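A.B. asks: Starting off with a structure, shown below.
Computed from the coordinates by the stated procedures, all read-outs in this text should not be read as laboratory data. Computed from a predicted structure; not experimentally measured. When we count neighbours, we look across all protein chains shown, and the Cβ atoms used for this are built from the backbone with ideal geometry, even at glycine.
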């Protein structure tokens with residue numbers, strides 16, 4: 001780990017030197033200065049983004065709410081002001097050589113915002129108000145409210161989204177959008193699909209919250225934008241970019257379930273920007289350690305022992321007024337061990353699931369804007385390499401060690417042209433080419449499993465979006481040539497947006513999706529079921545899954561004096577063809593349980609999502625969402641080798657109703673009290689024999705998981721702030737009561753909240 005920290009430090013030094021040396025043009029001495037005030041209180045607002053629209057030039061206000069932009073190009077420009085919790089504001093200005101101009105702003109609080117910038121809707125920056133499809137945004141404030149240390153702990157607080165634990169031994173988690181399993185969701189880092197199948201098993205916990213600027217969630221098929229696996233939806237993780245000189249150090253600890261098991265998490269991040277604003281770097285790190293937790297005292301863990309370390313950075317160099325080079329890199333080391341006898345070698349325990357991950361990922365992007373604002377060209381490349389040592393074993397098998405490597409890489413380019421008028425309305429044309437490569441090698445010699453998989457995908461996409469403030473029409477398609485699919489997969493999309501008023505959005509969308517029939521998918525996690533190791537293989541005639549998704553939504557915003565409200569209503573329907581299903585086909589020579597992935601008859605998901613937000617300025621904000629849905633196979637599907645166990649049309653682990661809520665109360669400027677919670681309705685869950693005598697499908701009880709957190713900020717010195725906080729997770733101790741026990745347990749029979757009632761406290765030092 002030390003060598004990676006050293007590498008990051010060295011890069012910072014070289015990078016800042018390069019940024020300082022970067023020049024645009026000769027000094028013009030055309031300057032803009034001013035201050036930014038809260039329109040209601042007339043107080044100065046610190047750390048507000050100030051930029052020349054359509055260029056790379058910008059700055060932030062200082063601690064006193066003032067800004068200064070110097071040596072700007074001559075001509076007419078638009079100055080744009082953005083700040084979290086405030087309405088985006090623009091003003092035109094004419095810049096002249098050797099002239100300094102004062103430009104002041106009064107901006108309005110907008111705690112329920114339509115002007116958030118998103119990129120997942122059409123692969124270009126746009127506001128949520130004008131986006132062709134519905135995008136929900138999870139920002140850093142919500143991560144703090146929910147005391148979320150990683151991506152997995154924050155995703156629950158979005159409509160139509162659930163995160164669940166899927167293994168009692170290793171604690172793997174998966175995200176479900178509109179009721180569909182994790183592999184149906186495409187996870188992106190900075191809009192790039194480098195989150196591989198191997199990373200996806202444990203990756204939701206491996207992404208620390210302090211590297212995330214925001215998370216964009218797009219529900220429904222997204223293959224027309226991002227390719228394979230975007231059937232249920234797309235999760236786009238946007239990493240933090242340096243905006244000003246700052247630093248933060250935090251530490252939290254949690255007592256799990258009132259036991260001696262502890263969860264300790266330390267994070268660090270710093271942002272450094274040159275005086276000229278031509279270069280900047282954001283550095284982050286995390287050290288996370290969690291003890292194993294045994295809820296029912298049977299000697300077998302419900303939560304695995306976990307050690308996770310992350311270090312990385314995101315940086316930029318503005319190579320010109322209209323061009324910018326961006327870098328991103330992260331390194332993660334993770335060890336997790338579940339089962340029993342955790343202090344002994346893996347092969348001396350009755351059941352062990354142990355993994356050691358080493359992950360290196362990063363990306364490079366070059367953006368160029370034309371001086372007339374009409375054209376933008378992006379060229380990008382991203383890659384992630386994962387090395388994993390593993391042990392998935394039962395019956396003290398000394399041969400159950402495995403080793404897996406996975407290299408994912410992609411390169412691409414994108415071109416956007418803005419027409420003043422094309423046919424009947426202004427429009428944006430977007431076209432691009434991409435190439436994706438994935439090479440995975442997996443060896444588990446003790447199970448006679450040694451395989452290599454290479455995936456090549458050549459892609460082209462084209463879309464045109466006609467839009468103004470009232471109407472938006474988008475038509476587009478993507479072509480993917482996947483080496484495991486015969487022929488070319490065509491994924492079309494169509495969207496209509498209508499804004500009858502400035503604060504109402506009505507949308508209708510059609511999108512398609514597909515999922516490739518890869519040998520390896522999420523199944524690189526080998527499960528221990530009833531004391532047997534379950535291995536998964538691919539049927540010889542396995543075809544790709546395809547989906548057709550339809551949605552219609554109404555998004556309404558309104559002000560009642562200073563009170564702001566938002567109400568969202570969305571109906572969705574997804575039709576799946578050739579759904580992947582797992583069927584037991586017996587055991588191999590070593591006695592390992594064999595499950596085969598085959599094509600089922602198909603499935604239909606229909607549902608309704610509601611979300612509401614209310615913001616009373618200065619003291620309370622409330623947000624809640626609820627989803628009703630029905631997920632069914634078109635025909636009954638067999639799921640057990642026991643002939644007496646009936647087939648079912650119900651999709652497992654998919655409740656018909658679920659939701660969330662978050663509330664923030666600020667009685668004093670420095671005091672914040674927050675509540676967050678999730679509701680999970682009854683669902684059908686497989687319970688396989690081992691601890692019990694026969695396979696059975698169980699209808700689970702409802703769960704309501706409520707958390708609370710109290711924080712207080714102390715101003716220590718000038719811009720130095722200390723925050724102390726404490727709280728309770730799962731106040732009502734809503735936890736599964738019928739966990740399997742012992743060596744013969746079904747480790748996949750786990751549902752409900754991940755943690756029982758647990759207490760936490762921590763501190764955060766910010767500059």
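A.B. asks: Going by a ≥ b ≥ c, the root eigenvalues of the Cα gyration tensor, does the range 644-750 fall in the rounded group (a/c under 1.5), the prolate group (a/b larger than b/c) or the oblate group?
C.D. replies: Prolate.
A.B. asks: Per residue, how big is the convex hull around the C-alpha atoms of the chain? Give it to me in cubic angstrom, could you?
C.D. replies: Hull volume normalised by residue count: 148 Å³.
A.B. asks: A further question on this structure: What value in Å³ per residue do you get for the convex hull of the alpha-carbon atoms in the range 435-506?
C.D. replies: It is 145 Å³ per residue.
A.B. asks: Can you give the FRET efficiency to the nearest 0.05 for residue 712 and residue 435, using r as the Cβ-Cβ distance and R₀ = 56 Å?
C.D. replies: Step by step, r from the Cβ atoms, then E = 0.65.
A.B. asks: Give me the Kirkwood hydrodynamic radius of the range 81-194, using the inverse of the mean 1/r over all pairs of distinct Cα atoms, in Å to one decimal.
C.D. replies: 17.5 Å
A.B. asks: Suppose R0 equals 22 Å; then what is the FRET efficiency for residue 488 and residue 381 from their Cβ-Cβ distance, rounded to the nearest 0.05?
C.D. replies: So the FRET efficiency works out to roughly 0.40.
A.B. asks: Multiplying the sequence separation of residue 373 and residue 360 by 0.36 nm and subtracting their Cα-Cα distance, what value in nm do you get?
C.D. replies: 1.1 nm
A.B. asks: Can you give the helix-only mean residue ellipticity at 222 nm for the chain, where every DSSP H stretch with n ≥ 4 adds -39500 (n - 2.57) and the sum goes over all residues, rounded to the nearest 500 deg cm²/dmol?
C.D. replies: Only helices count here, giving -1500 deg cm²/dmol.
A.B. asks: While we're looking at this one, here's another question. Which semi-axis lengths, in whole Å and largest first, follow from the square roots of five times the eigenvalues of the Cα gyration tensor of the range 578-696?
C.D. replies: Each semi-axis is the square root of five times an eigenvalue, giving 44, 18, 12 Å.
A.B. asks: Got a sec? Which residues in the range 238-252 would a label at residue 62 touch, if it sits 7 Å along Cα→Cβ and we count backbone N under 19 Å?
C.D. replies: 243-247
A.B. asks: Quote the relative contact order of the chain in percent (integer), defining contacts as alpha-carbon pairs under 8 Å separated by 6+ residues.
C.D. replies: 10 percent
A.B. asks: With r defined as the distance between the Cβ atoms of residue 41 and residue 421 and R0 fixed at 51 Å, what FRET efficiency is calculated, to the nearest 0.05?
C.D. replies: It comes out at approximately 0.75.
A.B. asks: Moving to a separate point now. Taking 0.36 nm per residue of sequence separation and subtracting the Cα-Cα distance, how much length would be gained by fully extending the chain between residue 296 and residue 699, in nm to one decimal?
C.D. replies: Extending this stretch completely gives an extra 143.0 nm.
A.B. asks: Along the Cα→Cβ direction, 7 angstrom out, place labels at residue 90 and residue 104. What is the inter-label distance in nm?
C.D. replies: Once both label points are built, they end up 2.4 nm from each other.
A.B. asks: Something else about it: Taking every DSSP beta bridge with both residues inside the chain, roughly what % is antiparallel (nearest 5)?
C.D. replies: About 95 percent, rounded to the nearest 5.
A.B. asks: Here's a follow-up. For all pairs of alpha-carbon atoms in the range 323-452, what percent lies in each bin of width 10 Å, listed from the first bin to the last filled one?
C.D. replies: P(r) for the range 323-452, in whole percents per bin: 11, 26, 21, 16, 12, 9, 4, 0.
A.B. asks: Is any residue of the range 222-255 close enough, with backbone N under 13 Å, to a label point placed 7 angstrom from the Cα of residue 763 along the Cα-Cβ axis, and if so, which?
C.D. replies: So the set is 249-253.
A.B. asks: Looking at the square roots a ≥ b ≥ c of the eigenvalues of the Cα gyration tensor of the range 193-321, which shape do they give, rounded for a/c under 1.5, prolate if a/b is larger than b/c, or oblate?
C.D. replies: Oblate, since a/c reaches 1.5 and b/c is not below a/b.
A.B. asks: Also, quick follow-up: Figure the gain on full extension for residue 496 and residue 738 (residue separation times 0.36 nm, minus the Cα-Cα span) and round it to one decimal in nm.
C.D. replies: 82.4 nm
A.B. asks: Expressed as an acute angle from 0 to 90° and rounded to the nearest 10, what is the orientation of the C-alpha long axis of helix 2-21 relative to the principal long axis of the chain?
C.D. replies: Helix 2-21 sits at roughly 20 degrees to that axis.
A.B. asks: Name all residues of the range 313-347 having a backbone nitrogen under 19 Å from the label point set 7 Å from the Cα of residue 74 along its Cα→Cβ direction, giving them as ranges.
C.D. replies: Counting only backbone N, you get 321-322.
A.B. asks: For the Cα atoms of the chain, what angle does the longest principal axis make with the long axis of helix 197-206, in degrees from 0 to 90, nearest 10?
C.D. replies: Orientation of helix 197-206: about 70 degrees from the principal axis.
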